[in-house]
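I have placed the structure first, in the form of structure tokens, so that the comments after it can refer back to it.
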Amino acid sequence: MNQFIEEPENVSEPSEVSFILMSIFAYFRLIEFYFSLEGRVCMAYLTTTASGQPVLVLKEGTSRNRGKDAQRNNIMAAKVIGEVLKSTLGPRGMDKMLVDSLGDITITNDGAAILNEIEVEHPAAKMMVEIAKTQDDMVGDGTTTVVVLAGELLKKAEELLDQNIHPTIIVSGYHKAALKTVETINKVAIQVEIDDRATLKNVAITSMASKGVGAARDHLADMAIDAVRQIVEQRGDKNIADIDNIQVIKKTGKSLIESQLVKGLVIDKEAVHPGMPKTVEKAKIALLDTALEIKKTEISAEIRIKDPSQMKAFLDQENNMLQDMVGKIKASGANVVFCQKGIDDMAQHFLAKEGILAARRVKQSDMEKLAKATGGRIITNLSDLKALDLGLAGHVEERKLGEDKMIFVEKCKDPRSVAIIIRAGLERMVDEAERAMTDALSVVSDVIENNKIVAGGGAVEIEMAKELRKYATSVGGREQLAIENFASAIEVIPKTLAENAGLEAIDVLVELRSAHEKPEGMYKGINVFNGKVENMRDKGVVEPLVVKEQAVKSATESAAMILRIDDVIASTKPKEGPGAGKPPGGGMPESED
Ligand SMILES: Nc1ncnc2c1ncn2[C@@H]1O[C@H](COP(=O)(O)OP(=O)(O)OP(=O)(O)O)[C@@H](O)[C@H]1O
Ligand SMILES: [Mg+2]
């Protein structure tokens, strides 16, 4: 080109032949551009046989994106998700307000909750949503961390792709780096005793630091520890704390500080009859999966009555049947009934007369919890009800909570049943407090099960990056570059924590790196509240080891998976509306499975 500009005299008039050639060339460029732009298959999927016969390989309408384009698009989509969550990381992170299609509003800082609410379309972005979900299911916290980290790993990989380093080399470098990182986390981890309440509380408070629960943090952390300790069980030499056994109930009203722990279960139902006792001591509980009603016949029948006495006899018969049902319950010795189905008005009256406290239409999940907690058996046929089937609880009481009445089942046969009632003035606050409580319960159970913690505030990340850089030189070759970039990617956590706190991220990073050069600097992280580099272990900013370990593993896996993709073939859904979905040229629209 320059040659043309510098030496215009050398440019001869294009001959007719070269003009035709240029036109053909331009035409092909135009076609190529059209396909790369549209990404549509149509002709791109028409291959030709040796005899020039066109063969349709994929369904019409399928879009295809391959090579570098596919790679860059995927990286871009995943990076965007990381960027979205970045501003929410850490105690100084901001919240997001999400409005769904029905107009319901959620205000949250929780990574998994945010990604759950936003409707992501791009397949690579969907993978990021999935890793947040996995992190939430596996360890319950660190969902923002995992997504931000995965986004940064891809960003750093892009730099290497620009230097013509093959994706498989980057992927293998990243895998080596992840292994080394997991080794480092375990090396720097701090052992915790299960009865070290102060440390467990620090872990719970750190997990709630970013969740707008303010002054109630202390109270919620105590409740979380008590609840998890209540449900922990010993299996072999392992402690198992399945937080699914903890019932978390939300009730708007009062304030967070009035949230309470109940050693037992809380059933969100009230006694069916005002004449029933409000409190039952030494409760014997019948759990029924059958209605205390007269069954309607499946065939429509007609009863002909000749005189009023027959009518009375008919109604009496119904009452007798209901009384008989209540009699069976009474005979079993039960003084409390939880019924999954309905209870007839008359049956309610008989139950109240017998001094039995009863609730109807109890959720199946609550029935199962009741069975577990009280040791009772759910009965489907009243005639089968025996004293042995009854569940036991020391105290059952109907109490008013806000506007509603609930039944508290306390001092259960199985002492490992526990419920937490979250109170707050605003509904959205109750929701966010519930998420904070779930995070706190998860991290406490993580530490009880795994008994190892690491220093937060970016301390462990700086330590990982330091060890990785040392390790990279021992690996050498192009993989070394990938490992070094992995190290830089990990530093996104302290960097973002600092950025979100309004600090100079680069200065903080440099200070942290130099602090970690000294052996006593191992736990130094950024205190986002005063902007100083401090010992996070001493400050009580600690997190479960498993949260960091899982975050590194999942982020690496997803980044590697996205990097290895060089072809995206997607079938497009037929558009809705008249005429949509019809193949060009007419014909029947294809059915959608
Ligand atoms: N007082 C503190 N000072 C500095 N950093 C802190 C402090 N408390 C928590 N952190 C850091 O904040 C980060 C956690 O932030 P956050 O809870 O917002 O995200 P997450 O745990 O990754 O995701 P999520 O809680 O949404 O599932 C951790 O790196 C933790 O070390
Ligand atoms: Mg968290």
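Observations, loosely collected:
- Summed over segment 68-85, the residues that are surrounded by fewer than 19 Cβ atoms within 10 Å (Cβ to Cβ) and within 14 Å of ligand 1 (Cβ to nearest atom) give a count of 0.
- The numbered conditions (1) on the phi > 0 side of the Ramachandran plot; (2) surrounded by 20 or more Cβ atoms within 10 Å (Cβ to Cβ) are all true for Asn164 except (2).
- Test result for Gly502, free of Cβ contacts under 8 Å to residues at least 12 places away in the same chain, surrounded by fewer than 17 Cβ atoms within 10 Å (Cβ to Cβ) and not aliphatic (A, V, I, L, M): no
- The number of residues in segment 82-102 that are within 14 Å of ligand 2 (Cβ to nearest atom) and free of Cβ contacts under 8 Å to residues at least 40 places away in the same chain comes to 0.
- Taken over segment 446-464, the residue count meeting the criterion of being outside any helix (DSSP H, G or I), surrounded by 24 or more Cβ atoms within 10 Å (Cβ to Cβ) and at negative phi is 4.
- Cross-chain or 6+ apart pairs with Cβ under 7 Å, segment 133-159 first and farther than 14 Å from Lys548 by Cβ and in a helix (DSSP H, G or I), then within 12 Å of ligand 2 (Cβ to nearest atom) and among the polar types (S, T, N, Q): Asp136/Thr143
- Test: residue in segment 404-413 that is part of a loop (DSSP other than H, G, I, E, B), charged (D, E, K, R) and at pLDDT 85 or above: yes
- Ile114 vs. criteria β-branched (Val, Ile, Thr), touching a helix residue (DSSP H, G or I) at 6+ places or on another chain (Cβ under 7 Å) and within 16 Å of ligand 2 (Cβ to nearest atom): yes
- Of the residues making up segment 188-217, those that are among the aliphatic types (A, V, I, L, M), within 16 Å of ligand 2 (Cβ to nearest atom) and under 19 Å from Ile107 (Cβ atoms) number 3.
- Selection count where residues are within 9 Å of Ala373 (Cα to Cα) and surrounded by fewer than 18 Cβ atoms within 10 Å (Cβ to Cβ), scope segment 415-430: 2
- Pairs with Cβ under 7 Å, 6+ apart, first in segment 208-220 and among the β-branched types (Val, Ile, Thr), second within 12 Å of ligand 2 (Cβ to nearest atom): Val213/Ala436
- Residue list for segment 126-149, filter: more than 16 Å from ligand 2 (Cβ to nearest atom) and in contact with a helix residue (DSSP H, G or I) (Cβ under 6 Å, 6 or more places away or on another chain): Met127, Met128, Val129
- Qualifying residue in segment 329-338 (condition: part of a helix (DSSP H, G or I), out of contact with any Cys (no Cβ under 6 Å at 6 or more places or on another chain) and under 24 Å from Ala224 (Cα atoms)): no
- Odd one out for Ser365, checked against (1) touching a residue at least 24 places away in the same chain (Cβ under 8 Å); (2) assigned to a helix (DSSP H, G or I): (1)
- Segment 237-296, residues that are basic (Lys, Arg) and over 15 Å from Lys405 (Cβ atoms): Lys238, Lys250, Lys254, Lys263, Lys282, Lys284, Lys295, Lys296
- Check on Leu426, of a type in the set (A, V, I, L, M, F, W, C), at pLDDT 90 or above and within 19 Å of Thr108 (Cβ to Cβ): no
- Qualifying residues in segment 514-528 (those that are within 28 Å of the chain's Cα centre (by Cα) and of a type outside the set (A, V, I, L, M)) - the one farthest from ligand 2 (Cβ to nearest atom): Asn527
- Residue within segment 103-117 that is assigned to a helix (DSSP H, G or I), in contact (Cβ under 8 Å) with a residue 40 or more places away in the chain and closer than 30 Å to Ile169 by Cβ present: no
- Residue ranges of helices (runs of 4 or more DSSP H) in segment 465-572 with at least 3 members closer than 25 Å to Asp95 by Cβ, within 12 Å of ligand 1 (Cβ to nearest atom) and aliphatic (A, V, I, L, M): 492-500, 545-563
- Of all residues in segment 284-329, those satisfying the criterion of being within 52 Å of the chain's Cα centre (by Cα) and acidic (Asp, Glu) are Asp289, Glu293, Glu298, Glu318, Asp324.
The values are calculated or read from the model by the stated rules, or taken from the named source; none is laboratory data. The structure displayed is predicted, hence computed values, not measured ones. A quick note on method: Cβ atoms are made from the backbone with ideal geometry, for glycine too, and the neighbour counts reach across all protein chains shown.
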